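The values are calculated or read from the model by the stated rules, or taken from the named source; none is laboratory data. If you're wondering where the values come from, they're calculated on a predicted model, not measured in any experiment. For neighbour counting, all protein chains shown are included, and Cβ atoms are generated from backbone atoms with ideal geometry for every residue, glycine included. Note: areas computed on protein heavy atoms with side chains; ligands, DNA, RNA excluded. Shrake-Rupley method; radii C 1.70, N 1.55, O 1.52, S 1.80 Å.
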Amino acid sequence: MGPEYTSLEGEAFCNRATRGFYWDSIASRPLPCPLGAICDEKAGTTEKTIRLEQHYFRLHDLATVIYPCDTGNCEGDYGNGTTTCRQGSSGIT
């Protein structure tokens with residue numbers, strides 16, 4: 001185990017990711033936060049709780065592949081994995 005592992009007080013195992021990482025449920029270990037993403041949840045970021053920086057999007061709320069939004073219509077998200085679009089815009093997000 002390395003510095004990317006953590007746990008909440010009282011937990012017996014280090015099964016959460018530290019800041020800058022997210023917990024990958026398939027690999028069962030922390031992975032580096034993707035470019036365009038924010039991984040800073042106090043209780044450990046998961047695929048579902050990855051937040052997006054402005055001008056980035058992902059295809060669904062569990063996707064860990066983050067894409068740049070070249071149109072300027074992507075406003076990031078609200079911490080629930082759902083990308084928001086600028087008013088009057090829509091698309092695959």
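For region 1-78, calculate the relative contact order in percent as a whole number, restricting contacts to Cα pairs under 8 Å that are 6 or more residues apart. Working shown, then result.
Details: 160 pairs, mean separation 17.1, N = 78.
Relative contact order comes out at 22 percent.
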Open item on the list: So I have [x] 1.15; [y] 1.22; [z] 1.07, and one of them is Cα Rg over 2.2 N^0.38 Å calculated from this model. Which one is it?
Closed with: [x]
- [ ] Nearest 5 is fine: what % of DSSP beta bridges in region 1-78 come out antiparallel, could you say?
- [x] 90 percent
Open item on the list: Lone cysteines in the chain, defined as no other cysteine's Cβ under 4.7 Å from theirs: which are they?
Closed with: CYS14, CYS85
Task: Peptides ranked, highest mean first, by Cβ atoms within 10 Å: ranges 46-52, 69-75 - done: 46-52, 69-75
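Suppose all protein chains stay in the model; what accessible area per residue would a 1.4 Å probe give for the chain, in Å²?
On the way: 5880 Å² over 93 residues.
Here the per-residue accessible area is 63 Å².
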